[in-house]
Amino acid sequence: MSPLIATTLRRLMTPTPILDELEARGLVQDTTGKDELRELLSKESVSFYIGFDPTSTSLHAGSLVPITLMARLQKAGHKPYPLVGGATGMIGDPSGKSEERQLLDKDTLARNVAALRDQLARFLQFGDAPNAAVMVNNHDWFEGCGYIEFLRDVGKHLTVNYMMGKDSVRTRLEERDQGISYTEFSYMLLQAYDFAVLARRHGCRLQAGGSDQWGNITAGIELHRKLGGKEAIYGLTTPLLLDSKGEKMGKTASGTRIWLDADLTSPYAFYQYWLNVTDDDVERLLKMFSPRSLDELATLVEAHRVNPAERRAQRTLAEDVTTFVHGVDLTARAIKASAVMFGGTLVGLTDADLAPLLGDVPSSELAFAELEAGVSLVDLVVKTGLGASRGAVKRLVAQGGVYVNNVRVTDDGKTLTASDRGTETMLVLRSGKKSYHIVKVGR
């Protein structure tokens, strides 16, 4: 056996330590005790947690980084304790924020907590397996904790000097016009206590979170030690979701946030967001979010570099991330709808396939009886706003710029009838390359 083959076989037979795999995928920014943590994760199933504050009914695209880390750790045999901050959510984390968060009332908070629990359950395996995920809520241990009791038993263990040395606090203190309230200043104590409680009650040895959580995580390790914790516990942070220019990702060009809830951001719009990432970002994002092996991704990226116009890397990224968040069926519909927006055929598509476009493409309604009787194409194009006037539309037809269901029209005298529907109740008009309008045909 040649040395090369032998080396390859050994590499295939010896699994990469999960911490090294996570690092290779760009999912790790900092860790405490890296060598010890690598060994711990390699030799036993480790209970770990990541916290999510319920500031909304949905998590957003930026949350995918810690969610993906959590899912990968569970797949490697470790036990996740996703924490929804029913208590800390009442205060708001100052980390990475330049101003105080708006406090939520109890009803809103309860609604958000329930929604996030359901959402997180889509990404993790719950049930009876030894490493099945267990959802926890820090309101359960803070509800009966009195203020004096907390100050006496917890607050005395972390000095103000220690807390002021953390970036999340120091940055706000340096902004003298805004500053930081005592309420938000105390957040670090609360999150630190979460770690101590989960270490004691559930044997959690690891807390993970975004890089802006480093101060809170290390405070938890310190508090655990001062409260008499015997076992070593560790911290790990993920990078924030930034583009190659250092700007936060997760919003459209118009500033609309990309949510993980299909009712807030349609699967089609979600798919489009990832489809439109730049070449400078796509390889890094594929490594982070795609379930495909690093070897397969390397081959894909190389093919993309040879022919970037095909956007194979972006299409793979969009498909993989949308499948992770919304499932196979909704992703397939998003892909079909996306193909229509790039001039693809409507043959074989249904209303359900085009439905994802309705929130993103202008639409209007037309009575079935009116269409069945015959409607002038030129008049309909003007009515939908795709053409300024009958004369302008006729000139556009002559130039080959008017399409019905992505089929070019060459006759400016064409009359549309019920047989021209692209699906059961929809007809797609297009002017030029990118201006679309969906006509919904009602009975």
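Summary of computed values
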item	result
Residue within the range 86-101 that is modelled with pLDDT under 85, farther than 29 Å from residue 41 by Cβ, hydrophobic (A, V, I, L, M, F, W, C) and in a helix (DSSP H, G or I) present	yes
Selection count, the range 121-144, where residues are assigned to a helix (DSSP H, G or I) and surrounded by fewer than 14 Cβ atoms within 10 Å (Cβ to Cβ)	1
Of the criteria (1) among the basic types (Lys, Arg); (2) crowded, with 20+ Cβ neighbours inside 10 Å; (3) touching a helix residue (DSSP H, G or I) at 6+ places or on another chain (Cβ under 7 Å), which one residue 421 fails	(3)
In the range 307-327, residue farthest from residue 261 (Cα to Cα) [restricted to those that are within 16 Å of the chain's Cα centre (by Cα) and among the hydrophobic types (A, V, I, L, M, F, W, C)]	317
Unique match (being without any contact (Cβ under 8 Å) to a residue 24 or more places away in the chain, under 21 Å from residue 315 (Cβ atoms) and of a type outside the set (Lys, Arg)) among 398, 392, 339	339
Residue count, the range 243-269 (criterion: modelled with pLDDT under 95 and not in a loop (DSSP other than H, G, I, E, B))	6
Pairs, first part of a loop (DSSP other than H, G, I, E, B) in the range 145-158, second of a type in the set (D, E, K, R), C-beta under 7 Å, six or more apart	158/222
Those residues of the range 191-236 which are of a type in the set (Asp, Glu) and crowded, with 20+ Cβ neighbours inside 10 Å, in sequence order	194
Every residue from the range 306-317 that is surrounded by fewer than 12 Cβ atoms within 10 Å (Cβ to Cβ) and either in a helix (DSSP H, G or I) or among the charged types (D, E, K, R) (or both)	306, 309, 310
Test: residue 180 is part of a loop (DSSP other than H, G, I, E, B), assigned by TED's automatic domain parsing to the domain that holds residue 230 and over 21 Å from residue 31 (Cα atoms)	yes
The lone exception for residue 439 - which of (1) without any contact (Cβ under 8 Å) to a residue 24 or more places away in the chain; (2) assigned to a strand (DSSP E or B) it fails	(1)
Selection count where residues are surrounded by fewer than 22 Cβ atoms within 10 Å (Cβ to Cβ), under 11 Å from residue 61 (Cα atoms) and within 12 Å of the chain's Cα centre (by Cα), scope the range 242-279	7
Count of the range 414-430 residues which are over 35 Å from the mean Cα position of the chain (by Cα) and touching a residue at least 12 places away in the same chain (Cβ under 8 Å)	7
Within the range 342-371, considering residues that are free of Cβ contacts under 8 Å to residues at least 40 places away in the same chain and outside any helix (DSSP H, G or I), the one nearest to the chain's Cα centre (by Cα)	342
The range 321-356 - residue that is charged (D, E, K, R) and in contact with a helix residue (DSSP H, G or I) (Cβ under 6 Å, 6 or more places away or on another chain) and, of those, nearest to residue 122 (Cα to Cα)	333
Where residue 81 falls short, out of the listed (1) out of contact with any Lys or Arg (no Cβ under 7 Å at 6 or more places or on another chain); (2) at pLDDT below 95	(2)
Residue among 347, 321 that alone is surrounded by fewer than 14 Cβ atoms within 10 Å (Cβ to Cβ) and either under 30 Å from residue 382 (Cβ atoms) or not basic (Lys, Arg) (or both)	347
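The values are calculated or read from the model by the stated rules, or taken from the named source; none is laboratory data. For clarity, every value in this text was computed on a predicted model and none was experimentally measured. As a convention, Cβ positions derive from the backbone with ideal geometry for all residues, glycine included, and neighbour counts pool all protein chains shown.
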